[in-house]
Amino acid sequence: MNQVRLQEHGHSENDEKAKTEAEPKKRSFAAEVWDWAKTIVIAFVIMMLLNLFVFNLSMVKGQSMQPTLHERERLFIDKIVYDFKTPSRGEIVVLHDPSNGPDRKEYLVKRVIGVPGDTVEVKNHKLYVNGEPQSEPYTEVEIQDPDFGPLKLDKDHYFVMGDNRHLGASKDSRSFGSVSAKDIVGRAEFIFWPVSQIRGL
(Lines give C-alpha, C1' and ligand atoms only; values in the text may rest on other atoms or scores of the structure.)
Protein backbone atom coordinates (compact mmCIF):
# COMPACT_ATOMS: atom_id res chain seq x y z
CA MET A 1 0.00 0.00 0.00
CA ASN A 2 2.78 2.44 0.89
CA GLN A 3 4.53 1.69 -2.39
CA VAL A 4 1.40 2.48 -4.35
CA ARG A 5 0.96 5.74 -2.48
CA LEU A 6 4.57 6.72 -3.14
CA GLN A 7 4.18 6.04 -6.86
CA GLU A 8 1.01 8.11 -7.00
CA HIS A 9 2.77 10.91 -5.16
CA GLY A 10 5.68 10.72 -7.60
CA HIS A 11 3.37 11.09 -10.62
CA SER A 12 1.83 14.13 -9.01
CA GLU A 13 5.22 15.83 -8.60
CA ASN A 14 6.15 15.11 -12.23
CA ASP A 15 2.86 16.54 -13.43
CA GLU A 16 3.38 19.72 -11.45
CA LYS A 17 6.90 20.07 -12.84
CA ALA A 18 5.73 19.56 -16.41
CA LYS A 19 2.93 22.06 -15.92
CA THR A 20 5.37 24.61 -14.55
CA GLU A 21 7.77 24.13 -17.51
CA ALA A 22 4.90 24.46 -20.00
CA GLU A 23 3.78 27.83 -18.67
CA PRO A 24 5.39 30.72 -20.61
CA LYS A 25 7.56 33.02 -18.60
CA LYS A 26 6.11 36.49 -18.16
CA ARG A 27 8.22 39.21 -19.83
CA SER A 28 9.16 42.25 -17.82
CA PHE A 29 7.73 45.66 -18.64
CA ALA A 30 11.24 46.90 -19.49
CA ALA A 31 11.69 44.13 -22.08
CA GLU A 32 8.36 45.01 -23.70
CA VAL A 33 9.32 48.69 -23.89
CA TRP A 34 12.72 47.81 -25.36
CA ASP A 35 11.10 45.70 -28.10
CA TRP A 36 8.71 48.52 -28.98
CA ALA A 37 11.57 51.02 -29.02
CA LYS A 38 13.60 48.83 -31.39
CA THR A 39 10.61 48.45 -33.71
CA ILE A 40 9.99 52.19 -33.79
CA VAL A 41 13.66 52.98 -34.44
CA ILE A 42 13.87 50.44 -37.28
CA ALA A 43 10.66 51.78 -38.84
CA PHE A 44 11.96 55.35 -38.54
CA VAL A 45 15.28 54.46 -40.21
CA ILE A 46 13.48 52.69 -43.06
CA MET A 47 11.19 55.70 -43.59
CA MET A 48 14.17 58.07 -43.60
CA LEU A 49 15.97 55.95 -46.20
CA LEU A 50 12.84 55.75 -48.36
CA ASN A 51 12.34 59.50 -48.01
CA LEU A 52 15.96 60.13 -48.97
CA PHE A 53 16.15 57.86 -52.00
CA VAL A 54 12.67 56.76 -53.11
CA PHE A 55 9.98 59.33 -52.39
CA ASN A 56 9.35 62.64 -50.72
CA LEU A 57 6.34 64.42 -49.27
CA SER A 58 6.20 68.06 -50.22
CA MET A 59 3.90 70.99 -49.44
CA VAL A 60 2.90 73.51 -52.09
CA LYS A 61 3.98 77.04 -51.24
CA GLY A 62 2.80 80.01 -53.28
CA GLN A 63 0.34 80.38 -56.14
CA SER A 64 2.48 79.72 -59.21
CA MET A 65 0.80 76.38 -60.01
CA GLN A 66 -2.83 77.49 -59.69
CA PRO A 67 -5.37 76.34 -60.74
CA THR A 68 -3.77 72.85 -60.71
CA LEU A 69 -2.18 73.09 -57.26
CA HIS A 70 -3.07 75.31 -54.35
CA GLU A 71 -1.03 76.54 -51.42
CA ARG A 72 -0.56 74.08 -48.54
CA GLU A 73 -1.65 71.04 -50.54
CA ARG A 74 0.63 68.06 -49.91
CA LEU A 75 2.25 66.17 -52.79
CA PHE A 76 3.73 62.70 -53.10
CA ILE A 77 7.00 63.01 -55.05
CA ASP A 78 8.53 60.00 -56.86
CA LYS A 79 12.31 60.47 -56.61
CA ILE A 80 13.46 57.42 -58.57
CA VAL A 81 11.28 57.63 -61.69
CA TYR A 82 13.89 59.68 -63.54
CA ASP A 83 16.55 57.08 -62.85
CA PHE A 84 14.72 54.98 -65.47
CA LYS A 85 13.31 57.61 -67.84
CA THR A 86 13.65 61.28 -68.70
CA PRO A 87 11.06 63.94 -67.87
CA SER A 88 8.28 64.32 -70.43
CA ARG A 89 6.32 67.36 -71.53
CA GLY A 90 3.35 67.99 -69.28
CA GLU A 91 4.75 66.31 -66.18
CA ILE A 92 4.77 68.25 -62.90
CA VAL A 93 8.20 68.16 -61.29
CA VAL A 94 9.94 69.35 -58.15
CA LEU A 95 13.30 70.99 -58.76
CA HIS A 96 16.00 72.91 -56.96
CA ASP A 97 15.46 76.62 -57.44
CA PRO A 98 18.23 77.64 -59.90
CA SER A 99 17.69 81.37 -59.36
CA ASN A 100 19.65 83.74 -57.17
CA GLY A 101 18.46 86.56 -55.00
CA PRO A 102 16.44 87.16 -51.85
CA ASP A 103 13.33 85.39 -53.17
CA ARG A 104 15.21 82.16 -53.89
CA LYS A 105 13.53 79.04 -52.48
CA GLU A 106 14.95 75.60 -51.83
CA TYR A 107 12.49 73.86 -54.15
CA LEU A 108 10.03 74.83 -56.87
CA VAL A 109 7.07 72.94 -58.33
CA LYS A 110 6.65 73.48 -62.08
CA ARG A 111 5.35 71.83 -65.24
CA VAL A 112 7.72 70.57 -67.95
CA ILE A 113 7.00 72.52 -71.13
CA GLY A 114 10.04 71.72 -73.27
CA VAL A 115 12.51 68.82 -73.39
CA PRO A 116 16.06 68.68 -74.81
CA GLY A 117 16.13 69.78 -78.45
CA ASP A 118 12.83 71.68 -78.27
CA THR A 119 12.49 75.34 -79.16
CA VAL A 120 10.18 77.19 -76.79
CA GLU A 121 8.63 80.57 -77.49
CA VAL A 122 5.87 82.77 -76.10
CA LYS A 123 4.41 84.88 -78.91
CA ASN A 124 1.31 87.05 -78.81
CA HIS A 125 0.62 85.64 -75.32
CA LYS A 126 0.52 82.06 -76.59
CA LEU A 127 2.95 79.22 -75.92
CA TYR A 128 4.72 77.61 -78.90
CA VAL A 129 6.92 74.51 -78.83
CA ASN A 130 8.83 73.78 -82.03
CA GLY A 131 6.69 76.33 -83.81
CA GLU A 132 3.40 74.67 -82.82
CA PRO A 133 0.86 76.44 -80.59
CA GLN A 134 0.20 74.44 -77.43
CA SER A 135 -3.16 73.50 -75.99
CA GLU A 136 -2.98 74.00 -72.22
CA PRO A 137 -6.20 72.84 -70.55
CA TYR A 138 -4.56 73.15 -67.11
CA THR A 139 -4.45 76.97 -67.36
CA GLU A 140 -7.31 79.42 -66.90
CA VAL A 141 -6.04 82.51 -68.74
CA GLU A 142 -3.68 83.24 -71.63
CA ILE A 143 -0.11 84.19 -70.77
CA GLN A 144 -0.21 87.75 -69.45
CA ASP A 145 3.56 88.19 -69.11
CA PRO A 146 5.62 89.65 -72.00
CA ASP A 147 6.50 87.45 -74.95
CA PHE A 148 9.60 85.26 -74.62
CA GLY A 149 12.20 83.55 -76.79
CA PRO A 150 12.58 81.62 -78.93
CA LEU A 151 14.93 79.45 -76.84
CA LYS A 152 16.38 76.16 -78.06
CA LEU A 153 17.07 73.68 -75.27
CA ASP A 154 20.46 72.03 -74.93
CA LYS A 155 21.06 68.39 -74.08
CA ASP A 156 19.77 67.44 -70.60
CA HIS A 157 18.00 70.78 -70.21
CA TYR A 158 14.29 71.42 -69.68
CA PHE A 159 11.97 74.39 -69.90
CA VAL A 160 9.53 74.64 -66.98
CA MET A 161 6.63 76.97 -66.28
CA GLY A 162 3.99 77.46 -63.63
CA ASP A 163 0.35 76.85 -64.57
CA ASN A 164 -0.61 80.29 -63.22
CA ARG A 165 -0.35 82.53 -66.29
CA HIS A 166 -1.43 85.76 -64.60
CA LEU A 167 1.03 88.64 -64.82
CA GLY A 168 4.05 88.02 -62.58
CA ALA A 169 2.48 84.99 -60.90
CA SER A 170 5.19 82.43 -61.70
CA LYS A 171 8.96 82.51 -61.46
CA ASP A 172 10.07 79.94 -64.03
CA SER A 173 12.32 79.30 -67.06
CA ARG A 174 11.25 82.59 -68.59
CA SER A 175 13.24 84.31 -65.83
CA PHE A 176 15.95 81.85 -64.75
CA GLY A 177 16.43 79.95 -68.02
CA SER A 178 16.39 76.23 -68.74
CA VAL A 179 16.82 73.70 -65.95
CA SER A 180 19.47 70.99 -65.90
CA ALA A 181 18.29 67.40 -65.46
CA LYS A 182 20.41 67.10 -62.31
CA ASP A 183 18.38 69.89 -60.68
CA ILE A 184 15.10 67.97 -61.05
CA VAL A 185 14.38 66.12 -57.81
CA GLY A 186 11.39 64.01 -58.89
CA ARG A 187 7.90 63.88 -60.36
CA ALA A 188 4.76 64.88 -58.49
CA GLU A 189 2.45 61.86 -58.62
CA PHE A 190 -0.61 62.86 -56.62
CA ILE A 191 -2.08 65.17 -53.98
CA PHE A 192 -2.54 63.27 -50.73
CA TRP A 193 -3.75 66.10 -48.48
CA PRO A 194 -6.28 67.51 -47.82
CA VAL A 195 -8.39 64.38 -48.20
CA SER A 196 -11.05 66.22 -50.19
CA GLN A 197 -8.43 67.03 -52.87
CA ILE A 198 -6.81 63.60 -53.25
CA ARG A 199 -6.15 63.00 -56.96
CA GLY A 200 -3.45 62.00 -59.40
CA LEU A 201 -1.48 64.57 -61.37
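The values are calculated or read from the model by the stated rules, or taken from the named source; none is laboratory data. Here the structure is a predicted model, which is why all the values come from computation and not from measurement. Neighbour counts run over all protein chains shown; Cβ positions are idealised from the backbone, glycine included. With ligands, DNA and RNA removed, areas are computed over all heavy atoms of the protein, side chains included. Shrake-Rupley method; radii C 1.70, N 1.55, O 1.52, S 1.80 Å.
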**Solvent exposure of the stretch 60-116 as accessible area per residue, Å², 1.4 Å probe** = 52 Å²
**Prompt:** Given LYS79/LYS123; LYS85/LYS171; LYS85/LYS155, which pairs have Cα atoms separated by over 22 Å?
**Reply:** LYS79/LYS123; LYS85/LYS171
**Prompt:** If amide H atoms are built 1.01 Å from N in the plane of the peptide, which residues on other chains or at least 5 residues away come under 5 Å of the amide H of GLY62?
**Reply:** ARG72
**Complete:** 1/(1 + (r/R0)^6) with r = Cβ-Cβ of ARG89 and LEU167, R0 = 30 Å, i.e. FRET efficiency to nearest 0.05, evaluates to 0.80
**Complete:** Computed over the stretch 100-201, the relative contact order (Cα-Cα under 8 Å, seq sep at least six) in percent reads 24 percent
**Accessible area of the stretch 120-166 divided out per residue, in Å², using a probe of 1.4 angstrom** = 55 Å²
**Request:** Could you check how much of the accessible area of the stretch 124-185 is carbon and sulfur, as a whole percent, using a 1.4 Å probe?
**Result:** 48 percent
**Item:** Distance (nanometres) between label positions extended 7 Å along Cα→Cβ at SER135 and ILE42
**Value:** 5.3 nm
**Asked** Ranked by accessible surface with a 1.4 Å probe, highest first, in what order do MET65, MET59 come?
**Response** MET59, MET65
**Message:** Once ligands and nucleic acids are excluded and a 1.4 Å probe is used, how much of ARG89 is accessible, expressed in Å² to the nearest 10?
**Reply:** 120 Å²
**Prompt:** What are the residues whose amide H is under 5 Å from the amide H of VAL185, where those residues sit 5 or more places off or on another chain and H is modelled from the backbone?
**Reply:** VAL94, LEU95, HIS96
**Request:** Round to the nearest 0.05 the FRET efficiency obtained for GLU71 and SER28 when R0 = 41 Å and r is the Cβ-Cβ distance.
**Result:** 0.25
**Heavy-atom accessible area ranking, 1.4 Å probe, most first, across LYS171, LYS61, LYS155** = LYS155, LYS61, LYS171
**Request:** Compute the length gained on full extension between ASN100 and LYS126: take 0.36 nm times their separation in residues and subtract their Cα-Cα distance, giving the result in nm to one decimal.
**Result:** 6.6 nm
**Request:** For ILE113, list long-range residues whose amide hydrogen, built 1.01 Å from N in the peptide plane, is under 5 Å from its own amide hydrogen.
**Result:** GLY90, PHE159, VAL160, MET161
